[in-house]
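Just below is one structure, and these are the notes that go with it.
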Amino acid sequence: MAFSLRSFLVPFCIAAPVLLLGCASAYGPEANVALRPTVGSEVSGNLRFFQRKDVVQVTGEVRGLAPNTEHGFHIHEIGNCTSGDGMSAGGHFNPDGGPHGKYGERPSHAGDLPSLVADANGVARINFETRTISVKGGVADIAGRGLIVHRDPDDYKTQPTGNSGPRLACGVIATI
């Protein structure tokens, strides 16, 4: 039996999209964000959001922070970073209308994330899982929203923002 490229490619071309769809559903939707400095800041970073069933894995790093410092870190309502101070991103993402609080504790906003802790080189590495946000739609979907790094630590009690101070970096979360 002679080899025919056509007899090889036709079944492959039919099967490949099915296989790829299976891979996409196994891994789920993803999003990323490139954080850019606000005016007068040097803070920047990149993060990825991976949806795995009802859990979102968040990974990445933020650079340019003061060494050995803690910073408020929140998803904001509006995906707009055009104002030099990051205020165009609006307030915290809060689809349930709850009070501001500490990530992982109730009550808190969906936009309340773990604080960033910079190492001696001013780099904060992010790697956590959450069930309070989504990359696959619904009321907790973060696609098109803003991500903000603040200058100060979050006090977890001042409403509605945690008294985290000015915005050092801003980015818009985009699905991949």
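Quick notes on this structure:
- Residues satisfying the stated conditions in the range 125-135, i.e. in a loop (DSSP other than H, G, I, E, B) and among the charged types (D, E, K, R): R131
- Residues satisfying the stated conditions in the range 136-176, i.e. touching a residue at least 40 places away in the same chain (Cβ under 8 Å), assigned to a strand (DSSP E or B) and either under 13 Å from L116 (Cα atoms) or not hydrophobic (A, V, I, L, M, F, W, C) (or both): G146, L147, I148, V149, H150, R167, L168, A169, G171, T175
- Residues that are outside any strand (DSSP E or B), in contact (Cβ under 8 Å) with a residue 12 or more places away in the chain and either surrounded by 15 or more Cβ atoms within 10 Å (Cβ to Cβ) or of a type in the set (G, A, S) (or both) within the range 34-69 comprise T38, S41, V43, G64, L65, A66, T69, listed in sequence order.
- Residue within the range 87-107 that is buried (at least 16 other Cβ atoms within 10 Å of the Cβ), of a type in the set (F, W, Y) and over 22 Å from E30 (Cα atoms) present: no
- The range 70-88: number of residues that are closer than 19 Å to S134 by Cβ and either outside any loop (DSSP other than H, G, I, E, B) or without any contact (Cβ under 8 Å) to a residue 60 or more places away in the chain (or both): 4
- Residue check for T69: modelled with pLDDT of 95 or more, closer than 20 Å to D155 by Cβ and hydroxyl-bearing (S, T, Y): yes
- Flag if G122 is at pLDDT 95 or above, in a loop (DSSP other than H, G, I, E, B) and on the phi > 0 side of the Ramachandran plot: yes
- I75 vs. criteria hydrophobic (A, V, I, L, M, F, W, C), within 19 Å of Q51 (Cα to Cα) and modelled with pLDDT under 95: no
The values are calculated or read from the model by the stated rules, or taken from the named source; none is laboratory data. Computed from a predicted structure; not experimentally measured. In this analysis, Cβ positions are derived from the backbone assuming ideal geometry, glycine residues included, and neighbour counts consider all displayed protein chains.
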